[in-house]
Structures are given as structure tokens and as C-alpha cells.
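Take a look at the structure set out below.
The values are calculated or read from the model by the stated rules, or taken from the named source; none is laboratory data. Note that the structure is predicted; figures quoted are calculated from it, not measured. Don't worry about glycine lacking a Cβ; one is built from the backbone with ideal geometry, like all the others, and counts go over all protein chains shown.
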Amino acid sequence: MEMEVSRPLSLRCSVQKYDWGKLGKDSKVARLFSRNSEAEIEPERPYAEFWMGTHESGPSFLVRGESGSPDSKPVSLRKWILDNPGYLGEKVVHRWGSELPFLFKVLSVAKALSIQAHPDKELARVLHRMQPSIYKDPNQKPEMAIALTDFRALCGFVSIELLKDVLAGVPEIVELVGDEDASKVLNIKEQDGYMEVKSILRSIFTKVISASKEAVSELLSKLKCRLNEEHKIRMLTEKEQLVLLLEKQYPADVGVISVFFFNYVKLSPGEALYIGANEPHAYISGDCIECMATSDNVVRAGLTPKYRDVQTLCSMLTYKQGFPEILRGTPLNHYISRYTPPFDEFEVDHCLLPPQESVVFPAIPGPSIFVVVDGEGRMRMGSAIDEEMVAEGHVYFVPAHSEIALTAAPAGPLQLYRAGVNSRVL
Ligand SMILES: [Zn+2]
């Protein structure tokens, strides 16, 4: 029998201390995690990701006393949902079963993440079956990042025009791929079809990314010398500066060279980037809110000490070219704006509520997770009399068909994010 839920369910969430995370108190992730779990922040440790959801690699738990279970063993949100699927709403259960379709995160990035892509559904199933220890689930993983601070990323392949500039301006790459391939790129014409361009781009990118360790380290030392020399007589381009930065973080790593092939995306706070299946990307620095389908499948090829699957990566990519779309959020009212990526599994609302103001998130037929990232206030679900005191680091699961009313405290604005299933499928 399902229990009656009359309040948002308070969650204790997981943290991932990957080595690219920001250290100690500099990390937004550390501050949220320590407030969420009353844990001390270790000043010398990296805090990379704060996970809110049901993925087994970083589960969230119901705060004791809210699980409805008489014993004091913590109940995971996943287990609770499996026992009470009705709270996901009919449409969600019909489509995804008793599983929360999205995973919500906060990231604090000090050092670049690996160059990666996430498989589509079909490939994810195959990879999971063949190498379950590396590809941990059979799901696709489209994702979206909303900048909390200035945020840097690499995403998708540059246009052919820019790639021609790269070959003209980076002789080390031409040397690596050979004149024949380089001239194929230089001879691409505007009227050439996608398949033709794709095969040229794929061939040259595969050559670069699968170059031998020796070739890579030789190329990088040459490139570094040249840039340091030229820096004395001209301003380096942003890409060249990025290459030098990444070379310090990942010496002799092929990922550093691949930077020239990708779009360099610089988000200001409030701007967002979404990434579909089979698109190459790497986050470089900054804090962000991230939402994705519930999956942890990553195919890596560079900027990482972890397992690289260059062959899979090169064959899975779409090789689509051009700058990615940047989302800025669509206002729903004075205080809430919505980020809607072209994926069914999720959307994200941002709410910035001035002191003492109130706002209502109307009831929707799907589940939500709320995370408070700044300030304090009060939260009420439906017509309940009880109010929750909410503050930075608090995370809540809100069942389908529940209205949420929020009021900011007098001391300062209340800022939070809500992840939910994309309204287009509800
Ligand atoms: Zn990713």
C-alpha cells in the first residue's frame, strides 16, 4: 500500500570527489554537500559532483523518519520510488516504469574533464552488454549544463571554415595527419554533402586522436615551443591559450591537440548548453547545474587518466559541425525561468526569489527534485499547514500532482533549481 505524502521528501545526497573537482570550501559542491549532510568540508580534498537522484553510483536517501519505515535504516530514493511508483505520475510510469528518468547534479570544475561522448540508446545497450564494468547501465545520457559562474567547455566540431583555419595555422597538426588528408579538408566546398564532409572529418580526427604516445608528446612539445616563442611577438588566440593551459593539466595527452577541432564555449551565469547523444564535449572550468538522463555511460578519449575507448568514440560520433545552441531560459513569471532541452527525460527551472516575495510552482503530472543553492525561506506543499524551512544545500523530492509554494526569508534572495521530466511529454 502506498503511504500518504503531505510534505516534500527531504533528501541526503551523494558527493563525488573526482580529482578534477574544486578543492574544499572553494567548491560549491562541497558547500552544498556539507549543508546537506552536516559533513565537515576537508580543505585539501576535491569536491567535483553533487548527485541528486536514483543512480546507483551516487544514490540519494530519504532523511530518517520520512521513509515511512519503522526501522531507522536509511531508505534510498530509488527503493522508495520502486515501492511507491504512483508518485511519479501515470505518464512517467507508462513511459519509464518505476524509475526516475533524470539525474540532477551540481558540478564544481577546477581542471578539465575528459573529452567524452555519451552513447545513444542502441549503442549504450551494446556497450553495457559487452563491458558492464565500464559501461554501467544500458541508458543513453543526453545532458544539459546551466552555468552558475563563468563556465568554459568544449562542445561539438568547429565549422569547416574554422577547421581550414586550424590547418593553416597549426602546422604541427598537418605534420601529424599528412598533406593528403590536410588537403582534403582544405578542398572541401560549400556544396559538398554532409556524408562527404563527415568522412573527411572523421578520418582526420581519428588519425589525431589515435596517434601514438610518442607522436603526441613530440607534437605537443613542438607546439608549446612555437607558441611560447610567438607569444613574445603576438597575442595568442583563445584556443592557443587554452591549449597551453590544458597541456599543464594533462601533459602529453592527445586531448590537448583535439581542442583545435572543437567549439570553445564560454557561458556566463544563467546561460546553458545541451549535449545530445554521440556529441564530443569536455567541461573545462566553473560551477554548473547539470541535468541528464539517469545514466553514467561515458566514452572517453582524452584529457583523462581513466580508460580510453578511442575506437568506440571515433566510430560513434555524429561529426555534426557548427556552434552549439545556447539556452538562456524562458521566463514563466517574474521569478522562474525554464530551460528546455530537446530531450524527453528532463527540463530545469531556475527560481530567483527576492527577500519576502512568494511564488508558486503549479502542480504538474510528473516528479520534481528541488535544490536550494542560496539563501533561506519557507516551502509548502499543496494545502498542507506545515511549512518546511528551506536553506542552501537542502534537496527535496516532490511527487507528481503537488503544488509547491515558496517564500524567501527577509535576509536575502532565495535561489533554487527544479529538475523535472520535460513538460512536452507530460
Ligand atoms: Zn558529458
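Leu148 meets each of the listed conditions (1) farther than 18 Å from Phe260 by Cα; (2) under 17 Å from the mean Cα position of the chain (by Cα); (3) of a type in the set (A, V, I, L, M); (4) within 16 Å of the ligand (Cβ to nearest atom) apart from (4).
Checked against (1) on the phi > 0 side of the Ramachandran plot; (2) away from the ligand (no atom under 14 Å from the Cβ), Asn278 meets all criteria but (2).
Where residues in region 109-125 are more than 14 Å from the ligand (Cβ to nearest atom) and farther than 26 Å from Asp344 by Cα, which of them is surrounded by the fewest Cβ atoms within 10 Å (Cβ to Cβ)?
Looking at residues that are more than 14 Å from the ligand (Cβ to nearest atom) and farther than 26 Å from Asp344 by Cα, I get Ala110.
Each residue in region 310-348 was checked for being acidic (Asp, Glu) and surrounded by fewer than 20 Cβ atoms within 10 Å (Cβ to Cβ), and 2 of them qualify.
Yes/no per residue for (1) at pLDDT 95 or above; (2) within 16 Å of the ligand (Cβ to nearest atom); (3) not basic (Lys, Arg):
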position: Val197; (1), (2), (3): no, no, yes
position: Ile200; (1), (2), (3): no, no, yes
position: Ser210; (1), (2), (3): no, no, yes
position: Glu230; (1), (2), (3): yes, no, yes
position: Glu240; (1), (2), (3): yes, no, yes
position: Leu244; (1), (2), (3): yes, no, yes
position: Ala252; (1), (2), (3): no, no, yes
position: Gly255; (1), (2), (3): no, yes, yes
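Within region 207-216, is even one residue basic (Lys, Arg) and more than 22 Å from Ile275 (Cα to Cα)? The answer is yes, given that some residue of region 207-216 is basic (Lys, Arg) and more than 22 Å from Ile275 (Cα to Cα). Within region 76-96, being among the small types (Gly, Ala, Ser) and not in a helix (DSSP H, G or I) holds for Ser76, Gly89. A residue that is closer than 25 Å to His55 by Cα and either within 21 Å of the chain's Cα centre (by Cα) or within 16 Å of the ligand (Cβ to nearest atom) (or both) occurs somewhere in region 126-133. If you go through region 310-337 and keep only what is more than 24 Å from Leu163 (Cα to Cα) and touching a residue at least 12 places away in the same chain (Cβ under 8 Å), you end up with Leu327, Arg328, Gly329, Leu332, Asn333, His334, Tyr335, Ile336, Ser337.
Screening Asn263 against (1) over 30 Å from Ile369 (Cα atoms); (2) within 11 Å of the ligand (Cβ to nearest atom) leaves a single unmet condition, (2). Only one of the numbered conditions (1) in contact with a strand residue (DSSP E or B) (Cβ under 9 Å, 6 or more places away or on another chain); (2) at pLDDT 95 or above; (3) not in a strand (DSSP E or B) is not met by Thr312, and that is (2).
Looking only at region 286-306, count every residue that is closer than 20 Å to Glu347 by Cβ, away from the ligand (no atom under 11 Å from the Cβ) and not in a strand (DSSP E or B) and tell me the total. Number satisfying all stated conditions: 1.
The set of residues in region 386-426 being surrounded by 18 or more Cβ atoms within 10 Å (Cβ to Cβ), of a type in the set (A, V, I, L, M) and either within 15 Å of Leu9 (Cβ to Cβ) or out of contact with any helix residue (DSSP H, G or I) (no Cβ under 9 Å at 6 or more places or on another chain) (or both) consists of Val390, Val395, Val398, Ala400, Ile404, Leu406, Ala408, Leu414, Leu416, Ala419.
Of the listed requirements (1) within 12 Å of the ligand (Cβ to nearest atom); (2) of a type in the set (Phe, Trp, Tyr); (3) surrounded by fewer than 21 Cβ atoms within 10 Å (Cβ to Cβ), Tyr283 misses just one: (3).
Scanning region 89-108 for residues that are touching a residue at least 60 places away in the same chain (Cβ under 8 Å), within 17 Å of Leu11 (Cα to Cα), basic (Lys, Arg) and within 16 Å of the ligand (Cβ to nearest atom) turns up at least one hit. Considering region 154-232, the qualifying helices (runs of 4 or more DSSP H), each wholly inside and each with 3 or more residues that are buried (at least 16 other Cβ atoms within 10 Å of the Cβ) and not charged (D, E, K, R), run over 160-169, 171-177, 194-209, 213-230.
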